[in-house]
1. Open to solvent by less than 80 Å² (accessible area, probe 1.4 Å), in contact with a Ser or Thr (Cβ under 8 Å, 6 or more places away or on another chain), of a type in the set (Val, Ile, Thr) and at pLDDT below 80, is that true of ILE151?
2. If a residue has to be open to solvent by 50 Å² or more (accessible area, probe 1.4 Å) and not in a helix (DSSP H, G or I) to count, how many in the stretch 50-103 make the cut?
3. Out of LEU54, LEU68, LEU81, LEU59, I need the residue that is modelled with pLDDT of 90 or more and touching a His at 6+ places or on another chain (Cβ under 8 Å). Which one?
4. Inside the stretch 16-43, can you point out the residues that are modelled with pLDDT of 75 or more and open to solvent by less than 30 Å² (accessible area, probe 1.4 Å)?
5. Please tell me if THR107 is open to solvent by 30 Å² or more (accessible area, probe 1.4 Å), within 30 Å of GLN141 (Cα to Cα) and either touching a His at 6+ places or on another chain (Cβ under 8 Å) or not charged (D, E, K, R) (or both).
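The values are calculated or read from the model by the stated rules, or taken from the named source; none is laboratory data. Please read all numbers here as calculations on a predicted model, not as lab measurements. Neighbour counts are summed over all protein chains in view; Cβ atoms, including those assigned to glycine, are modelled from backbone coordinates with ideal geometry. The area values use the complete protein model at the heavy-atom level, side chains included, leaving out ligands, DNA and RNA. Shrake-Rupley method; radii C 1.70, N 1.55, O 1.52, S 1.80 Å.
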Amino acid sequence: ISKELVEIEKQIESYKKENSLTDIEAEAKIILDKSTNFKERLIEAETQYTVIELVEEFLLKPENRFSLVPLNIGLNDRTVLEGLQKYNEALLERLRLLKTTQGNTPTLDIMNEQIDAMHDNMLATIRSLKSGFSHAKENLQEQGDYFMARIKGMPTQEREFIDIKRQQMIKQELFVFLLQKKEENALSMAVTIVDKAYTLQTPVSPRPMRLLAFAMSIAIIGAGCYIKVRY
C-alpha cells in the first residue's frame, strides 16, 4: 500500500506538470481574470486600430489635402495627437494667410510645402502606429485563444485530477487503517503474553506419610486412655 501511495503521488505530480497546474480552483480563477483582461485589451487595441485607420483614410483622400483632421474621435496616442494638433494649426495658419493674400505667393507656396511635408510625416507615424496595433491585436488574440482553450479544458482536467485524487485518498485511508491495526495487534500481543504453566513433582497436600503418623499417634493415645480407665 505504501508503494502504491507513492506511485499515485508521483502520478499527481506528473499530471500537474503536464497541465501546468497548481491548484485547479485557483488556476481557473486566475485564467478567467486574465482572459477578461485580455478581452478588454483586445477591444481597446481593435478600437484604436479602427480609429487610426480612419485618420489614415482621411489623410489619403486628395480632397482633404488642406482639411482639418478631426481629433476628438477617441485616439489615445499622445505623439500622434500632438502631431495632428500641430498639423491642424499649420492648416489654420494657411487659412489666415489666404484671407490676407490673393493668388499664389512665395509665402503661400512655402507654407503649402511645409504642410505637405507634415502631411507625409503624419502618414508615416500613423502607419507605424497602425502596424503596432495590428501586431498587438494578433498577440492579444492568440493569448485570448490560449486562455479560452485552457478554460474549455478545465472541466476535463478537473474530472481527471479528481479521479486521481480520489485514488490517492482511498490508498491513504487504507494505509492509515492498516497502520492502526498494526499498532493494535502489537499492543494485544504484549498484553496477552503469560508465563508457561508448570506442575510440582509431589503434591503440596495432603501428604500420606504425615497422615499415617498422625493416625497412629491418635490410635496409641486412645488405646492408652482406654486401658487406664478400664483397669
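1. yes
2. Number of matching residues: 10.
3. The match here is LEU59.
4. Residues satisfying the conditions are PHE38, LEU42.
5. On the way: open to solvent by 30 Å² or more (accessible area, probe 1.4 Å): yes; within 30 Å of GLN141 (Cα to Cα): no; either touching a His at 6+ places or on another chain (Cβ under 8 Å) or not charged (D, E, K, R) (or both): yes.
No: the conditions fail for THR107.
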